[in-house]
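The values are calculated or read from the model by the stated rules, or taken from the named source; none is laboratory data. Note that the coordinates shown come from a computational prediction; the quantities given were computed from them, not determined experimentally. A quick note on method: Cβ atoms are made from the backbone with ideal geometry, for glycine too, and the neighbour counts reach across all protein chains shown.
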Amino acid sequence: MVWRWKSALPEEIPTERMERNPLITREGIRTLNSILKNPHAPVWNYQVGDRLRAEDLPAVERFRKSLFNRSAPLGAGIPANIIELVAAMRPRSLVFMERIPEGASLERDWESIPTMSREDIVLRIDDIVPLDADLSRMIVYETSGTTGHALDVPHHPCAMAKNHPVLEYILAQYGVAPGFGPDVTACLNVGAEEHTVVFANVFSVWNDAGFAKVNIHPGSWRREGDIHQFFQSLAPLFLTGDPVAFAQMMKWEIAARPLAMISTAVELNPGLKARLEERYGCPVIDYYSTTETGPIACSLPGEDALGVICPDIYVEAIDDDGCTVAEGEVGEITVTGGRNPFVPLLRYRTGDFGRVVRDERGARILDLKARQAVSFISSSGSMVHPLDIGRTLRLSPFVQSQFIQRRDKSIDLTIRPAPGESMGEGVIEERLRFLFGVDQVIRVHMDENLGKGERGGKVIPFICELGQAL
Amino acid sequence: MNTKQEGPHLERLTHRLAQCPGEFLAEPLIKSRGKVDTGAVVSDTLMDMGGNLLSSEESNTSFSSEKADQKNRLRLILIGAWLCHDEWLIQKKKYAEPAKKWLASGLDGLASLVAAELFVTDPDRREELARLLLAALDLLPTGETEAQASDRLQCLDSVTRDKVIRQTREKEKRARKLREKMAADAAREAAAKVNRE
């Protein structure tokens, strides 16, 4: 049963909330308050809205239609809409300009276009953002650093809102069509970290349906048992979370009856997927998405492959030299296009590897080797999530890092600092001791060549040699 | 007073570029894909210009690549080789060495900015390439002074034009504004996401 806040309606919607949710309705504020003031609510530590404006809604609707009414399969070759997008971006973005010679034939010379990587986003974001971009509504996401390396990615609220139709489309592939409205909680996003943001929100594109990001960590709740009550009272239509958090949900025996669970951020182990499906009685969907690219692909019913979802991205598998590998061969997953108006992507190397095949249904990714789930052990034996390590590291500017916990539990951290930036090794060491314990052996190394010469220019950021499994 | 020697008429070279045959515009060999061995074409051209065959090291280092992003450079080298094979230059039998140097590295900047075939199809780019070759061989187009040749090349110079675009003060101002915007609290609050990525 959905828990409802019984207090009187506020006369006016607070100004701060209007800035965060410009389109929020009175019903929406009631839903939001019902979540925020739920007696079993977690300790909220963040406020954020969807920042969506009325002028954004037609664009979101057009995108929704393009997803659901997609008639032409993505097929072989580079789709015309991608060629158009790239051609249009060439005069607007210096990164496109320098990679595509004047007068080049994009269809013919596609493979010879130099690739982009996260190093470009770290070091040259001003050359990527289109020259005529309106920065007034820019927002910034700090990537988690769970699987890659922490970086800041500028984004736009309208582009973010388009991820909602993507989720609707994915759910529809499993026969799930949630009815979104102000009286329901659309989704709970579940984390399991030492420190993370915990907040509630409503989404205008989902008729002010409720949402909350929660943390399955004792420090995030006021009383034992609250988390169980909270899940029960909100009765979310579906859940999102990473496999670590979903595994923790089962361990804590949290009851829920979602229509679906969408696993993100790191690779979903088939064994865990099966256990979750049995425990929660719903499909568990593997969702491949990165902050830089947005949604790329998701698992489809009855298939081993991940289906490429959005028609406005082009996915290739390429080799170290930038050549597209033969269909079905393993290569680095590379993405062109996307809907982030500040970070247009041109053959962007994700650092993940897999096989890409195309058939009448569109592009599929097989054997994706990406986003390996990993966790670490503190000197006291408690689990340390790579997100917490990433958060600690991101306080300093760097290009890449590699964090390795050895068999003897000691830690080797190698950092490639950003050019011209100095890093305080001692400070980093000290911060890591907060997570791992004062007696933890930690060695911090600086290496300006870290990642150079590696496949895709990227090292594996987190390695645990202890043989932990989720 | 001109210190450089007079070379062929410019129009002779630009006309030659416009007549570039399909073989020189075909795909260069990269990783067993493509048709034309750039090193072999350059080697033959240099021989005809009175020079020596390329060593395999020279051929591998400067005139072949496994990297897909080198395709335009190799294509431009092929067009450059076609230009070098002009009868006036061949007959002199003394320009093989500077031509080799030009083909090996003198076209790199240009190749990253302009598609090779534009040096065949576009009149300004044809003139730019012809003038660049003459400058690399220390020659002046027939009837031009050094000052005239230099001025005209500057007007056409794609590499310099690109540098100007990149180094404008506007660009610096914009980069600063972007960084400030990205650092602002309002931007960093971001917008709620349904899922983590």
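Overview of results
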read-out	value
Residues that are part of a loop (DSSP other than H, G, I, E, B) and touching a strand residue (DSSP E or B) at 6+ places or on another chain (Cβ under 9 Å), drawn from region B:37-53	B:37
Index of the failed condition, residue A:121 passing every other in (1) at pLDDT below 95; (2) surrounded by fewer than 21 Cβ atoms within 10 Å (Cβ to Cβ); (3) more than 7 Å from chain B (Cβ to nearest Cβ)	(2)
Filter pass, residue A:63 being under 24 Å from the mean Cα position of the chain (by Cα), at pLDDT below 95 and not basic (Lys, Arg)	no
Hey, residue A:91 within 13 Å of chain B (Cβ to nearest Cβ), in contact (Cβ under 8 Å) with a residue 60 or more places away in the chain and in a loop (DSSP other than H, G, I, E, B) or not	no
Residue within region A:133-154 that is buried (at least 22 other Cβ atoms within 10 Å of the Cβ), modelled with pLDDT of 90 or more and either in contact with an Asp or Glu (Cβ under 6 Å, 6 or more places away or on another chain) or outside the structural domain of residue A:348 (by TED's automatic domain parsing) (or both) present	yes
Residue A:240 being at negative phi, modelled with pLDDT under 95, surrounded by 23 or more Cβ atoms within 10 Å (Cβ to Cβ) and within 13 Å of another protein chain (Cβ to nearest Cβ)	no
Set A:186, A:177: member being surrounded by fewer than 19 Cβ atoms within 10 Å (Cβ to Cβ) and either more than 10 Å from chain B (Cβ to nearest Cβ) or within 30 Å of residue A:249 (Cα to Cα) (or both)	A:177
In region B:12-23, the residues that are under 19 Å from the mean Cα position of the chain (by Cα) and at pLDDT 95 or above	B:13, B:14, B:15, B:16, B:17, B:18, B:19, B:20, B:21
Elements of type helices (runs of 4 or more DSSP H) in region A:118-224, at least 2 residues being at negative phi and of a type in the set (Asp, Glu)	A:118-123, A:125-128
Candidates A:36, A:52, A:85, filtered to the one that is in the same structural domain as residue A:210 (by TED's automatic domain parsing) and under 17 Å from residue A:159 (Cα atoms)	A:52
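Rundown of residues vs (1) surrounded by 21 or more Cβ atoms within 10 Å (Cβ to Cβ); (2) in contact with a Pro (Cβ under 8 Å, 6 or more places away or on another chain); (3) within 14 Å of another protein chain (Cβ to nearest Cβ), yes/no style:
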| site | (1), (2), (3) |
| --- | --- |
| B:53 | no, no, no |
| B:66 | no, no, yes |
| B:74 | yes, yes, yes |
| B:87 | no, no, no |
| B:92 | no, no, no |
| B:95 | yes, no, no |
| B:103 | yes, no, no |
| B:114 | yes, yes, yes |
| B:121 | no, no, yes |
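Conditions (1) at pLDDT below 95; (2) part of a strand (DSSP E or B); (3) more than 22 Å from the chain's Cα centre (by Cα), marked per residue:
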residue: A:255; (1), (2), (3): no, no, yes
residue: A:272; (1), (2), (3): yes, no, no
residue: A:297; (1), (2), (3): no, yes, no
residue: A:310; (1), (2), (3): yes, no, no
residue: A:327; (1), (2), (3): yes, no, yes
residue: A:333; (1), (2), (3): no, yes, no
residue: A:347; (1), (2), (3): no, yes, no
residue: A:358; (1), (2), (3): yes, yes, yes
